[in-house]
Amino acid sequence: MSEDVNRDVPELVPARMLNEYTYCPRLGYLEWVNAEFEESHDTVKGKTTHRRVDERKGKAPDPDDANEEETFHARSVYLSGEKIGLVTIIDVMEGEGKVATPVDYKKGKAPDIAEGAWEPDRVQLCAQALVLRENGYECEEGIVYYAGSKRRVPVDFDDILVKRTVELIREFRECVSSGVIPPPLTDSPKCPRCSLVGICLPDEVSAMGDPGSDRTDVRRLVPARDDALPVYVMEQGTTIGKSGDRLDIRKGRMSLEKVRLMETSQLATFGNVSVTPQALHTLCQRGIPVCHFSYGGWFYGITHGMSHKNVELRIKQYELASDPSRSLIIARGMIEAKVANCRTFLRRNLPDKQDVALDELSVILSRVKKSRSLEKLRGLEGAAAQVYFSRFGRLIKTDDDQNYGFDFTNRNRRPPVDPVNSMLSYVYAMLVKDVTVTLLAVGFDPYLGFLHSPKYGRPAMALDLMEEFRPLICDSTVVRLINNREVKETDFTRRAGAVTMSNDCRKKVVSAFEARLDTTITHPIFGYKISYRRVLEVQARLIGRYLSGEIPEYPGFMTR
């Protein structure tokens with residue numbers, strides 16, 4: 001059931017949200033205060049169950065003028081109770097004269113318990129009864145209809161249930177006013193089927209907040225990989241339209257490919273690629289962002305629907321970003337992870353396992369942990385990058401009798417002057433795109449960061465978060481492409497000192513980049529296996545949990 005409630009009247013609580021709060025206070029807070037929502041099999045099935053009763057039909061009589069012998073049956077009745085502090089949409093309201101009986105539809109099966117219905121369902125129904133009474137109706141009983149078992153379960157509104165409902169309304173309103181999110185449930189069987197479990201991170205927050213807990217004994221409550229994946233369109237002159245429930249990628253009159261919308265996480269267009277208004281409207285409506293790149297791979301814009309409604313999170317982000325001492329805590333965690341990951345990547349791939357660069361990075365890492373200013377931290381990050389890239393060329397394999405044209409001496413860009421830097425710039429742009437999309441989905445402003453200073457058009461927070469993943473995702477992709485001979489010197493064009501990739505080469509790079517993001521790894525803190533793409537979201541949400549005060553520090557992602 002969908003309750004379109006006016007958020008401009010915060011003192012009125014939707015009865016549906018009271019159901020969520022009764023089930024799990026944290027869930028109620030996330031959905032109502034933070035406006036978080038995520039579709040799942042259960043939520044989609046619930047919408048299907050309510051399709052019939054969501055259509056407004058029938059009329060409910062005014063209780064002051066009701067004919068005592070007249071029966072009525074109305075669907076989707078919107079009522080509010082100012083005194084009790086509730087608003088609700090009653091699925092079905094039936095009765096006779098002034099006597100009204102609310103009927104609430106649920107997708108599941110009726111439970112085999114003495115009360116006949118789950119407590120959250122009984123509380124929600126009782127809340128509707130209280131609104132009906134405030135509006136002048138007589139209401140002593142309601143019905144919960146469980147579609148799964150096709151049973152109507154009567155619920156008596158006795159004093160015990162009414163008292164419990166009133167108490168929960170008071171608790172919920174106090175919780176909302178406090179601005180403090182309730183703690184997660186502990187090892188609860190409710191969590192695995194909750195649609196917001198990937199947002200809530202119950203076990204992760206509990207583990208991070210308890211110094212004595214075994215952080216590696218955390219349940220993986222979300223799939224290891226995403227079902228929906230990005231769609232890249234690089235063919236110049238193509239048009240992306242909508243055909244039924246699919247994106248139709250066409251060039252002229254010929255359809256090149258059709259992609260199901262439900263399997264699309266984002267759309268990335270390169271150069272001269274257009275999107276029809278109909279397709280754009282549908283993408284925005286479904287929360288699928290469109291990422292715009294130049295033909296050469298410069299990420300210059302993003303089109304998405306209405307911004308995430310979690311204003312509370314962005315307020316905390318702005319407050320922290322304006323405080324250098326607090327910004328330093330997050331930035332230090334990110335750079336500590338980046339330097340550690342750079343060292344690990346070199347240690348695994350350098351021919352000389354005793355290379356002095358490993359010791360130099362260890363020294364810098366110890367100084368990063370002790371840094372007391374953002375300026376010092378930026379300087380250490382630059383020093384680490386210089387050491388790291390001074391050895392990067394040694395990771396590239398070449399035969400003694402043949403140079404493949406992939407010599408690397410230093411990091412350069414705008415424009416890159418060699419094939420290695422050309423690919424590095426390209427995959428870095430891809431990662432900026434993915435991190436930006438992730439931050440928007442979580443509710444952050446990607447343009448205000450904690451390490452990188454704000455600059456027009458630069459997604460500073462995306463650049464912050466991607467730091468710890470550059471060597472693990474981007475650099476690893478480029479080295480693998482070269483060492484496996486998947487790209488050749490002939491895949492690149494040199495012009496006026498700059499090097500660009502051919503269209504086929506770009507496709508190879510994007511394919512390898514996506515494969516890397518889809519690689520599953522064991523999370524070094526929580527011990528479960530998820531893809532790098534999932535890791536990006538977990539890290540972004542951990543930043544949010546740090547901002548809300550639920551965890552004492554932001555844990556940067558450091559591979560083992």
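The values are calculated or read from the model by the stated rules, or taken from the named source; none is laboratory data. Bear in mind the structure is a predicted one, so any value in this text is a computation, not a measurement. Here Cβ is always computed from backbone atoms with ideal geometry, including for glycine, and neighbour counts include all displayed protein chains.
Descriptive notes on the structure:
- Residues (in contact with a Pro (Cβ under 9 Å, 6 or more places away or on another chain) and under 24 Å from residue 469 (Cα atoms)) located in the stretch 480-499: 482, 487
- The stretch 232-268, subset in contact with a helix residue (DSSP H, G or I) (Cβ under 9 Å, 6 or more places away or on another chain) and charged (D, E, K, R), residue surrounded by the fewest Cβ atoms within 10 Å (Cβ to Cβ): 245
- Tally, over the stretch 473-484, of residues that are touching a residue at least 40 places away in the same chain (Cβ under 8 Å) and either in a loop (DSSP other than H, G, I, E, B) or polar (S, T, N, Q) (or both): 3
- Residue in the stretch 148-159 that is hydrophobic (A, V, I, L, M, F, W, C) and under 18 Å from residue 20 (Cα atoms) present: no
- Any hit, the stretch 255-264, residues being part of a helix (DSSP H, G or I), in contact with a strand residue (DSSP E or B) (Cβ under 7 Å, 6 or more places away or on another chain) and at pLDDT 90 or above: no
- Which numbered condition residue 309 misses (of (1) free of Cβ contacts under 8 Å to residues at least 40 places away in the same chain; (2) outside any helix (DSSP H, G or I)): (1)
- With respect to the conditions (1) assigned to a loop (DSSP other than H, G, I, E, B); (2) in contact with a Gly (Cβ under 9 Å, 6 or more places away or on another chain); (3) touching a residue at least 60 places away in the same chain (Cβ under 8 Å), residue 136 lacks only one, and its number is (2).
- Matching entry among 127, 117 (being more than 21 Å from residue 57 (Cα to Cα) and part of a loop (DSSP other than H, G, I, E, B)): 117
- Qualifying residue in the stretch 234-254 (condition: touching a residue at least 60 places away in the same chain (Cβ under 8 Å) and assigned to a strand (DSSP E or B)): no
- Number of the exception - residue 136 against (1) crowded, with 20+ Cβ neighbours inside 10 Å; (2) in the same structural domain as residue 92 (by TED's automatic domain parsing); (3) at positive phi: (1)
- If you filter the stretch 111-128 down to residues that are of a type in the set (A, V, I, L, M, F, W, C) and out of contact with any Gly (no Cβ under 6 Å at 6 or more places or on another chain), you find that the one that is surrounded by the fewest Cβ atoms within 10 Å (Cβ to Cβ) is 114.
- Of residues in the stretch 85-110 being of a type outside the set (D, E, K, R), closer than 18 Å to residue 121 by Cα and in contact (Cβ under 8 Å) with a residue 60 or more places away in the chain, the one surrounded by the fewest Cβ atoms within 10 Å (Cβ to Cβ): 105
- A single entry from 316, 376 fulfils the requirement of being touching a helix residue (DSSP H, G or I) at 6+ places or on another chain (Cβ under 7 Å) and either exposed (fewer than 15 other Cβ atoms within 10 Å of the Cβ) or in a helix (DSSP H, G or I) (or both): 316.
- Here residue 13 does not qualify as of a type outside the set (Asp, Glu), modelled with pLDDT under 90 and under 28 Å from residue 227 (Cβ atoms).
- Qualifying residue in the stretch 36-54 (condition: modelled with pLDDT of 80 or more and outside any loop (DSSP other than H, G, I, E, B)): no
- The listed residues are 524, 555, and the only one of them that is over 13 Å from residue 469 (Cα atoms) and either touching a residue at least 60 places away in the same chain (Cβ under 8 Å) or touching a Gly at 6+ places or on another chain (Cβ under 8 Å) (or both) turns out to be 555.
- Extreme residue, farthest from residue 79 (Cα to Cα), among residues of the stretch 99-114 that are in a strand (DSSP E or B) and not acidic (Asp, Glu): 106
- Within the stretch 532-540, the presence of at least one residue that is part of a helix (DSSP H, G or I), touching a Phe, Trp or Tyr at 6+ places or on another chain (Cβ under 8 Å) and among the polar types (S, T, N, Q) is confirmed.
Results for (1) in the same structural domain as residue 127 (by TED's automatic domain parsing); (2) in a loop (DSSP other than H, G, I, E, B); (3) closer than 25 Å to residue 105 by Cα, shown as yes or no for each residue.
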residue: 148; (1), (2), (3): yes, yes, yes
residue: 160; (1), (2), (3): yes, no, yes
residue: 175; (1), (2), (3): yes, no, no
residue: 189; (1), (2), (3): no, yes, yes
residue: 217; (1), (2), (3): no, yes, no
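- Identity of the residue in the stretch 429-462, assigned to a loop (DSSP other than H, G, I, E, B) and in contact (Cβ under 8 Å) with a residue 40 or more places away in the chain, that ends up surrounded by the fewest Cβ atoms within 10 Å (Cβ to Cβ): 457
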